[in-house]
Amino acid sequence: MEQKISETDLPGNPARDIVKKGSVITLITLISRPLGYIREAIQAYLFGATLLVDAFIVAFNFPELVQTLFFSGATSAFLVPVCTRYLKDRDEYSKIYSTFINLSVMLTFFVSIIFFVFSSVITGMIAPGFSPEAKAITRNLFVIMIPVISLHTLLSVMKAFLNAKEHFAAPEMSGILWNIAFIIAALTLKDRFGIYSLAIGVTAGAFIQIAVQYPYLRKLGIRYSFFMDFRHPSFTEARNLFLGALIATSIVPINSFVGRIIASYLPQGEVASLAYAFRIFILPFSLFAVPVYTVMFSKISRLYHDRDWRGIASNIDSSIILLCITLIPSTILLCTIGDICTRILYERGAFAAHETYITNRALFGYSIGIIFYALSISLVRIFNALHDMKTPALVGITSIFINALLAAILMVPFKNLGISLATSLVSFYNFAFLYVLLKKKIPYRMAKRAVRDIIKTLAAGIVLTLAIVLMRHLLANASIVLLSSVFLTAAVYGLFFKDYYRAILKK
């Protein structure tokens, strides 16, 4: 029976549907991410990989971590599965939306006040290796960015209710405006406020992100009011799912944050180099993985209410194949020409050859595990869609300790490479454990066709790696090597998967 569930042909093409609905996210990302690199390049040009940037990154990461851990990260995980039940009732949908918006405002305002009062204590905890001067700068930056906790939490509630209606454009588009606000603040306020101009840009951009959601919410009939009903069945269901969702979705940011705390004991600039490397690493993840698991999450949440196990299995297979076809070649590109990418993106102004070297070193460690990073997050979303928050939470808790141990051990011989390698190793651990547990939870077994496509992806990856390594021995010009590598990737995977791509693009 299990074999048939995944292999039975279903009406339509799940991969084509995911690509079609996820393409809007990819298109917006193609604008937003280059803006993100421009933002990082301007930051690097103005401040380099220095103590000031280390302070900004740590100060920015903490409020971002808090809202991701306790609010926005868990919000989509439990809200999308809950609110999909009420999609056909506009009034009920708006009532649920208002309840969670108002609750978010109350909770995050209270948390923000506490953080302001204890900002000095918090700074000492998040930057233990910093000097007193660096801690003072970090504290001031942190205070300026405290409002981000509330603003991003509200954005995540809006995103969940829009995504449940399969509207993905507005939440993703807000990132473009955030980057623009950051860039304008950095360029216009740098002379007057120095490094604090970056913190001002972060907070101003977060306000703009909220404002841009309103027209789309109105268009879809989602109305805000002061309504709050804690007795509504949706609130009870969300409350039961919240703790597991909170733990499960907090694992990735916790592991990243722990790694950067450990990195504060490394030589100056290592924390900044990890951030710059992660910025490059996250581009293919954002282009290919985020659209796939965002659309898949909404689709499986709907299918679960109908108990459509065939549809769920088919969507899981299609998502895994899409991730492999896009992220395995991305891994190869980042590992073979990561130094060229880093040099082109960042090496100017205060960002010199040494900064390029340490950033590429961290990038290599992250890149090795990008496919497992994406698959592990996708599996967490699958469990969430099935209303199971406990399983990924338990797996995630164990990964926190493994990540901290690996980062501390590998940091000694490999410096920032050791910390990024720890991230990749833990991603593989999360994926493997969750995949085994998923097969035990539901009647799912990967189709033979999917297995063949994954093997084909690995074979294409070997061919591509050999071709790029050979090309680097023959060519010296960095720009030519970069363009040739991209061409080779398209040619090799286009040849191996021409029928697959034709089926997806077919009307």
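Hey, which of the helices (runs of 4 or more DSSP H) in the range 315-431, taking only ones fully inside, have at least 1 residues that are over 22 Å from residue 286 (Cα atoms), polar (S, T, N, Q) and assigned by TED's automatic domain parsing to the domain that holds residue 260?
none
Identify, please: which residue in the range 89-129 is assigned to a helix (DSSP H, G or I) and small (Gly, Ala, Ser) and is, among those, surrounded by the most Cβ atoms within 10 Å (Cβ to Cβ)?
The selected residue is 104.
Having 3 or more residues that are within 23 Å of residue 36 (Cα to Cα) and touching a residue at least 60 places away in the same chain (Cβ under 8 Å) is the bar; report the helices (runs of 4 or more DSSP H) wholly within the range 142-232 that clear it.
Of the helices (runs of 4 or more DSSP H) lying wholly inside the range 142-232, those with at least 3 residues that are within 23 Å of residue 36 (Cα to Cα) and touching a residue at least 60 places away in the same chain (Cβ under 8 Å) span 148-164, 169-193, 196-211.
Of the numbered conditions (1) surrounded by 15 or more Cβ atoms within 10 Å (Cβ to Cβ); (2) in a helix (DSSP H, G or I); (3) among the basic types (Lys, Arg), residue 440 satisfies every one except a single condition; which is it?
(1)
Any residue in the range 76-94 that is among the charged types (D, E, K, R) sitting within a Cβ distance under 7 Å of a residue that is surrounded by 15 or more Cβ atoms within 10 Å (Cβ to Cβ)? List the pairs, counting only those 6 or more apart or interchain.
Short answer, once both residue conditions are applied: 92/86.
Looking for whichever is of a type in the set (A, V, I, L, M) and within 24 Å of residue 342 (Cβ to Cβ) here; the options are 455, 480, 442. Which one fits?
Every option except 480 fails the conditions.
Looking at the range 358-376, is at least one residue surrounded by fewer than 22 Cβ atoms within 10 Å (Cβ to Cβ), within 30 Å of residue 242 (Cβ to Cβ) and among the aliphatic types (A, V, I, L, M)?
Looking for residues that are surrounded by fewer than 22 Cβ atoms within 10 Å (Cβ to Cβ), within 30 Å of residue 242 (Cβ to Cβ) and among the aliphatic types (A, V, I, L, M), one finds none in the range 358-376, hence no.
For the range 160-186, give me each residue that is closer than 16 Å to residue 76 by Cα and either within 16 Å of the chain's Cα centre (by Cα) or not basic (Lys, Arg) (or both).
Selection gives 160, 161, 162, 163, 164, 166, 167, 168, 169, 170, 171, 172.
When you go through 445, 381, 452 one by one, which is the residue that is at pLDDT below 95 and surrounded by fewer than 15 Cβ atoms within 10 Å (Cβ to Cβ)?
452
Name every residue in the range 130-143 that is more than 17 Å from residue 263 (Cβ to Cβ) and surrounded by fewer than 12 Cβ atoms within 10 Å (Cβ to Cβ), in order of residue number.
Selection gives 132, 133.
Which of the residues that make up the range 221-253 are of a type outside the set (Gly, Ala, Ser), within 24 Å of residue 174 (Cα to Cα), buried (at least 17 other Cβ atoms within 10 Å of the Cβ) and in contact with a Leu (Cβ under 9 Å, 6 or more places away or on another chain)?
222, 246, 249, 253
The values are calculated or read from the model by the stated rules, or taken from the named source; none is laboratory data. No experiment lies behind these values; they were computed from the predicted model shown. Note that we place each Cβ from the backbone using ideal geometry, even for glycine, and neighbour counts take in every protein chain shown.
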